[in-house]
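S.K.: Here it is: the structure, laid out below.
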Amino acid sequence: NASTWRQVRDVTFQWCIISEGLQNSIHPEGAHSMGLLIGRNLSKQISVHHTLFAHNYARNPVAQGATEVEVINNVVYNWGNRGTEIGEEQGIANSRANVIGNVYKPGVNTVNNQKGIFSKPGTGSLIYVKDNLGPGRPLNSGDDWLAVWGNTASRVNSPALTPSGISITPVEEAFDMVLDFAGALAPQRDAVDARVVGEVRSGSGQIIDSQNDVGGWPLLAAGIPLPDSDRDGMPDDWELLRGLNPNDPADGPGDLDGDGYTNVEEYLNSLIPWPPSFSSPPAVPGNLRVSGE
């Protein structure tokens, strides 16, 4: 569904829904239901946070081969044989990862109620895990490594890379927060995202081979665009209120207030109030099916 590759850096995946990677479809390698790939090497300072991964057989996400990644406050539901994977790929090791405050909820396709975090062998790789919930660690107590399956040689007890400064949500709140606010929300979720979120809550649904398995593509009603004379992505009235020129397409990539966001980004950011209100009481998901082993 998504990926970074080789020498990229400073990339953030946040508040996304990455779901329903097709398994037995048209991929040349055969079965290939995947979520997010970070690799193969030299991908640095990658952040994945407050994102929902659902119905992907593997790569939820995977960071392989000399990458630096933080995986924080994500919800992973109904993976197959791999939830979050960190470590070596084709002899390339030295990965660094902080895996913090994620919730792993098995589903019908999860193999043998497998643990959600997989530590792949690899000389020099370092993995820091803290406050994750899922098979092997259903409550936020006890050894953090109980949530991990695989090689312990890469384990470290302090952050493996310098934290970026993401505001970390208590893991007891992360499940509801991600399900309430991940994905495209304005003006509302489409039928696909709403269904997927509902399946995560209820513990239903499965990995699919085709969009036709779940009713096909949704029918999306067209909106009515606001007047935008220069077609720069910012409505005329919005530009006039801020002293921009509604007949000059060159002011879209400008930065009127000098805060690092372009003018068109300022407009897009204004469409959804942030931060969202969130008042649900902290609670471990009642239908989190886990194993005590």
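S.K.: What percent do you get for the relative contact order of the chain when only Cα pairs under 8 Å and 6+ apart count?
M.R.: Dividing the mean separation by the residue count of the chain yields 16 percent.
S.K.: Show me 198-205, 143-150, 100-107, 1-8 ranked by packing, highest mean number of other Cβ atoms within 10 Å first.
M.R.: 100-107, 143-150, 198-205, 1-8
S.K.: Could you pull out every one of the aspartates and glutamates with an alpha carbon less than 13 Å from that of Lys120, ignoring same-chain neighbours closer than 8 positions?
M.R.: Leaving aside aspartates and glutamates fewer than 8 places away in the same chain, those within reach of Lys120 are Glu85, Glu88, Glu89.
S.K.: Could you grab the relative contact order for region 2-175? Cα pairs under 8 Å, six or more apart, rounded to a whole percent.
M.R.: Averaging sequence separation for qualifying contacts and normalising by length gives 17 percent for region 2-175.
S.K.: Quick one: P(r) of region 2-175 from all Cα-Cα pairs, 5 Å bins, percents rounded to integers, in order of increasing distance.
M.R.: 2, 10, 19, 24, 23, 15, 6, 2, 0
S.K.: What is the angle, in °, between the Cα long axis of helix 191-202 and the longest principal axis of the Cα atoms in the chain? Nearest 10 is fine, range 0 to 90.
M.R.: The answer is roughly 30 degrees.
S.K.: Please express the Cα-Cα pair-distance distribution P(r) of the chain as a list of whole percents, one per 10 Å bin, running from 0 to the bin with the greatest distance.
M.R.: It works out to 6, 26, 31, 22, 11, 3, 0, in whole percents.
S.K.: Each residue of region 207-214 in order: what ³J(HN,Hα) in whole Hz does its phi give by Karplus 6.51 cos²θ - 1.76 cosθ + 1.60, θ = phi - 60°, with x for Gly and Pro?
M.R.: With coefficients 6.51, -1.76 and 1.60, one gets 5, 10, 9, 8, 4, 5, 5, 10 Hz.
S.K.: When DSSP beta bridges are limited to those with both residues in region 2-175, what percentage is antiparallel, rounded to the nearest 5?
M.R.: On the way: 2 of 48 bridges.
Here the share of antiparallel DSSP bridges comes out near 5 percent.
S.K.: Using just the alpha carbons, could you tell me how many Å³ per residue the convex hull of region 224-275 encloses?
M.R.: Looking at region 224-275, the number lands at 76 Å³ per residue.
S.K.: Separate question: Give me the angle, in degrees from 0 to 90, between the Cα long axis of helix 171-181 and the longest principal axis of the Cα atoms of the chain, rounded to the nearest 10.
M.R.: The helix 171-181 is inclined about 40 degrees to the chain.
Where a number appears in this text, it was derived from the coordinates with a stated rule and is not lab data. All figures in this text were calculated on a predicted structure; none of them were measured in a lab. Every residue, glycine among them, receives a Cβ derived from its backbone with ideal geometry; neighbour counts consider all protein chains shown.
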